[in-house]
Amino acid sequence: MKERFHAIDALRVFAMVSVVFLHSSISYMPTRLPDLLWAVHDPSATAFFDWLFFWIRGLTMRVFFLVAGFFAGVLYEDRGPKAFLENRLRRIAIPFLVGSGVLLPLLYFIWCYGWLETGRADLSQVLRMRLDAPIQRNLYGPAHLWFLEFLVLFYAVYYAFRRVRPGFVRPGGVVEKIIFSRLRPLALAVPSMLILWLDVDVVINFHNTFIPNPLKFLYYGFFFLAGTWLYPFRERLKNLAAGANAYLAASLPVFIGMVALTRAHIAKPLAGPGYFALVAATSLFAWLSVFAMLGYFMRFLNREIPLVRYLSGASYWIYLCHLPVVGLMQVFLLRFELPAALKFSAVVLTALGSGFLTYEVFVRNTSIGLCLSGPKHFGGMPPRPLTLKVKTTLTAFMLCAVVLSGTSFQHFYNEEKKRYEGTLAGFYRQYLHREPDAVGWRHWTDWALNRWGLEKVERIGFIEAGRKEGKERA
């Protein structure tokens with residue numbers, strides 16, 4: 001890119017790193033969010049993390065899409081349509097596909113670890129991937145990668161529109177007047193309110209699915225659209241610093257009302273004036289906080305800062321890989337009677353620390369980093385291949401993961417054995433201590449087929465038998 005937009009870069013870093021704090025707070029919230037599958041809910045939960053979660057959530061994803069729309073305009077204008085498609089395919093679509101194939105199975109096992117620990121599922125359900133209805137209906141989806149899925153769709157729509165209408169925004173028109181008006185949060189909140197009026201639950205519930213909700217897509221798409229409106233007036237971006245203090249001050253009482261109304265709506269769906277107030281508060285807080293943060297970043301961070309440039313490359317990787325670490329740490333800390341603030345801090349530090357470590361070792365200045373961050377982070381040098389030292393370190397990490405998995409499985413085994421009165425030990429003696437020809441490969445093939453849901457696990461059935469035997473002994 002010919003020009004760097006330092007404040008917008010820093011705002012993107014802020015949004016991506018904030019997601020780590022957002023996910024780290026969920027276990028320690030007293031409020032249970034509808035349809036949000038989480039590994040564990042810690043008994044040490046405190047109300048502070050409700051407020052932290054709702055503030056980050058009400059701001060971060062809106063900033064994400066606003067910034068993404070802005071840089072879509074930058075990329076399309078600077079490099080042209082073909083390079084735009086190639087860049088978005090490499091940096092967004094491919095990480096989404098690879099992340100879905102690698103991270104989602106890992107998240108399943110980590111979340112199952114938490115559900116086994118808390119009794120929300122048993123080993124039979126985990127192996128069959130047949131869990132209770134509240135879990136099952138949200139089991140298959142992109143998890144935190146939904147942001148990338150939406151971006152792929154937004155970029156496709158933006159590309160198609162620009163091909164049809166090259167002149168996207170007319171200077172001196174209504175858009176420019178709205179963007180640089182002091183009342184811009186109010187003006188832009190109106191379309192958001194109209195969308196949320198149809199169903200405010202699209203920003204409250206967390207239905208995990210690969211099929212985007214049309215209203216949710218439209219709601220976040222408006223923030224992406226607003227970001228594309230900013231680029232044609234990039235020379236005037238510094239003017240957005242005006243009014244940041246007023247927007248922040250106005251957002252605070254709106255935020256308090258939004259949290260109170262959201263909690264009430266979760267407990268019992270609102271209607272009438274209460275519903276309208278929730279829609280208005282949610283929309284207004286989003287735009288007030290977005291323009292407050294944008295103004296502060298334009299005022300204080302609109303210059304070259306080496307740390308921000310480094311974080312601009314690292315934050316994308318951290319966003320992709322942090323959630324397994326967050327979930328695993330929250331499950332691990334569940335057994336300790338510690339204050340929620342201490343557990344939360346440990347989760348955040350571990351997630352960020354592991355993210356920066358793996359970024360330095362495996363991603364930065366490698367072909368992976370080139371895919372995620374683009375050539376601007378390489379100083380004109382070609383990406384270095386993974387050296388023997390890096391490969392050795394990667395192997396060590398993999399071995400540690402295997403050991404951790406083995407330890408976890410042993411823990412699961414012991415817990416299930418206690419729960420089912422030793423029946424699992426009987427299963428071990430019955431099947432693994434018999435002659436090989438008595439077990440037979442067909443038996444294990446049938447088990448594998450059943451494991452993937454072709455039919456119920458009927459050949460082994462040791463869990464169900466264990467339940468029955470345990471009840472009889474009791």
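Report the Cα centroid-to-centroid distance between segment 203-230 and segment 266-290 in angstrom, as an integer.
Cα centroid to Cα centroid, the span is 17 Å.
Taking only the Cα atoms of segment 1-42, how large is their convex hull per residue, in Å³?
Measuring per residue, one finds 99 Å³ for the Cα hull of segment 1-42.
If eta is 1.306 mPa s and T is 10 °C, what Stokes-Einstein diffusion coefficient results for segment 6-381, Kirkwood Rh from Cα pairs, in µm²/s?
Rounded, D is 73 µm²/s.
Given C-alpha coordinates of segment 1-153, what is the ratio Rg to Rh with the Kirkwood estimate of Rh?
My calculation puts Rg/Rh at 1.04.
Obtain the nm distance between the two label points defined at Phe300 and Leu36 by a simple spin-label model: each point lies 7 Å from its Cα along the Cα-to-C-beta direction.
2.7 nm
For a Förster distance of 45 Å, can you work out the FRET efficiency between the beta-carbons of Leu186 and His207, rounded to the nearest 0.05?
Calculated value: 0.90.
Cα-Cα pairs above 29 Å in segment 117-267: how many percent?
More than 29 Å apart: 37 percent of the Cα pairs in segment 117-267.
Could you tell me what fraction of 2.2 N^0.38 Å the Cα radius of gyration of segment 216-320 comes to, as a two-decimal ratio?
Relative to the rule-of-thumb radius for its length, segment 216-320 sits at 1.32.
Bear in mind that the values in this text are calculations on the coordinates, not laboratory data. Everything numeric here is computed off the predicted structure, so don't read it as measured data. When we count neighbours, we look across all protein chains shown, and the Cβ atoms used for this are built from the backbone with ideal geometry, even at glycine.
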